[in-house]
Each structure stands twice: as structure tokens, then as C-alpha cells.
Ligand code: NAD
């Protein structure tokens, strides 16, 4: 547990947190003092590893199976998290896929799957979470710099989805502002995960585009989440915030 415990007494749900950025966010929010629920789709062992690492550090965590492509399961997972944690103060919509293919090869099924996981699931989870979030509640979406830039071919579906998140973010902030709930979209640049390994085929191209010339870490993204969902983030809402090592500046 951190010394500050800025989130003591709060309950948080992080989607798709069995690995990568989501796992780092779950660990950070638990270290800040929140009880944390994570969702996973297909890796119960990895999800349990995240839960155990949080418990070993003195925190509280539970794992819930929910395929983000299944709106009924997403809604049920939010309700279950709120029930098991005794409420819900923070939702982090992190789960996402990056299906890349040149326009000619991108199937409609992959376009629809990208939309279901990267956009519709965020809408469904946020709508359900809004039934529980109190005054001071927080919603974070994990978008991407690719909402505004496509530095190599094959990003039609992915960029579409992250652009949709940026637009939806502004509108949700307007809807929930009167209730004192903030909604923000964190847009990472390249972060070293299974989705975008720092040793992958695009890595050198991406490093060349960044002022800092390196990949970020899940922990660096989690630090911005921690700020936005904590007490000091209370006046930030509707923001699409790049955290990208100076990507394409
Ligand atoms: P990752 O592939 O390591 O993790 C993605 C997470 O989402 C995993 O926990 C996975 O289980 C979960 N997920 C995927 N499909 C799911 C489904 N159908 N149901 C439930 N969970 C599902 O990727 P990551 O890099 O950690 O990505 C996390 C988020 O950050 C994504 O929204 C991604 O678009 C975004 N992002 C990543 C980068 C990057 O460079 N890594 C950059 C910008 C944005």
C-alpha cells in the first residue's frame, strides 16, 4: 500500500486487467488504497496472478470473467463488481484489441469485433456504472494516440475505434457532469505490452516518431490514471489526454 492512500475506502473496476496496461492500473489503484475488481476474457490464471499480487501487497482484489464483446456479460460484470465491493466509485475502461490489416484485407467481422470491444463495451460499462457511481465518481477510458494519427498502414478499424472513444468521452462528460462525475480519455502512445511489444515489427518506426525515442510502461499510464481518479483530478473532465513520449510532435 502507498503511504498516501488517496483512494482509501473507494471501489474500482478495471476491464481487461489480466495483463498489460490494465494490470498495471489495477495494481496502482490498489496501492492507492482502492478495493479493485478486474475483468478478463480468457485467462483466469493470469487474472488470479494479478489478484494475488495485489493481495500480497496488502490490497483487496477480485477477478470477474467477462468477454468485452458480450454486452450482457459486461453489464453483469459491472453490477457484480459493485455488489461484491459494496459500491463503485471508479470505472476504468481499458480492455481493447488492435486488429490491423490493410483496407483491402480488413474483414467486416474484424471491424465489427473492434467496434464491439473498443467502443460499445465502454458505452455499456459506463451506462451500467452510472447506476452506482456517487458524486465524485470517475470514469476513465483508455483510448489511443491513433485516434488522431495513423503512422503506418492497417489502422482503419483501430483508429476508428479510438476516435469514437474520444468523441464519446466528451459527450459522456457532459451527461455526467451535473452529477459531479468526471469522465476522461487517456490516449497512450506506444506502451510495451503484448499488444505492442517494444521488440515488435513496428517498434523502430514508432521510436523514431517520438520525442523521447522510447516506449512507455504500463506503470507510467497508471500514474496518470491515479492522478485523474484521485482527489487532485477533480476539475478535469471531458479531456482527451495524450501520454505518448512526444509522439509525432
Ligand atoms: P494487451 O493486449 O496487453 O491487454 C489488453 C487487455 O484487454 C488484456 O487484459 C486482454 O485480456 C483484454 N481484452 C482483450 N479482448 C478482450 C475481451 N474481448 N474481453 C475482455 N478483455 C479483453 O494490451 P494493452 O497494450 O495493455 O492495451 C490496453 C489498452 O490500451 C487497450 O485499450 C489498447 O488499445 C490501449 N492502448 C495500448 C497501447 C500500446 O501501445 N500498448 C497504446 C495505446 C492504447
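Can you tell me which of 29, 106, 133 moves the most in a GNM of the chain? Springs connect C-alpha atoms under 10 Å apart.
Most flexible of the set in this elastic network: 106.
Note down the nm distance, to one decimal, between modelled labels 7 Å out along Cα→Cβ at residue 113 and at residue 214.
The two pseudo-label positions are separated by 3.4 nm.
How large is the translational diffusion coefficient of the chain in µm² per second when you combine the Kirkwood radius over alpha carbon pairs with Stokes-Einstein at 25 °C and 0.890 mPa s?
137
With r as the distance between the Cβ atoms of residue 199 and residue 179 and R0 = 41 Å, compute the FRET efficiency 1/(1 + (r/R0)^6) and round to 0.05.
My answer for the efficiency is 0.40.
Sorted by average packing, counted as other Cβ atoms within 10 angstrom per residue and highest first, what order do 232-242, 111-121 take?
The packing order, highest mean first, is 111-121, 232-242.
Ranked by Cβ crowding within 10 angstrom, fewest neighbours first, how are 144, 156 ordered?
156, 144
To test your reading of the geometry: what angle, between 0 and 90 degrees and rounded to tens, separates the Cα axis of helix 44-56 from the longest principal axis of the chain?
Orientation of helix 44-56: about 50 degrees from the principal axis.
Taking every pair of distinct Cα atoms and averaging 1/r, then inverting, what Kirkwood hydrodynamic radius in Å comes out for region 58-150?
Computed over Cα pairs of region 58-150, the Kirkwood hydrodynamic radius comes out at 14.6 Å.
Calculate the length of the line joining the C-alpha centroid of region 132-201 to that of region 75-124, in whole Å.
Using only Cα atoms, the two centres lie 11 Å from each other.
Roughly how many nanometres apart are two label points built 7 Å out from the Cα toward the Cβ at residue 127 and residue 57?
The two pseudo-label positions are separated by 3.4 nm.
Within region 106-131, list the residues whose amide N lies under 20 Å from a label point set 7 Å along Cα→Cβ of residue 152.
From region 106-131, the list is 106-107.
A short reminder: the numbers here are calculations on the coordinates, not readings from a lab. Note that the structure is predicted; figures quoted are calculated from it, not measured. A quick note on method: Cβ atoms are made from the backbone with ideal geometry, for glycine too, and the neighbour counts reach across all protein chains shown.
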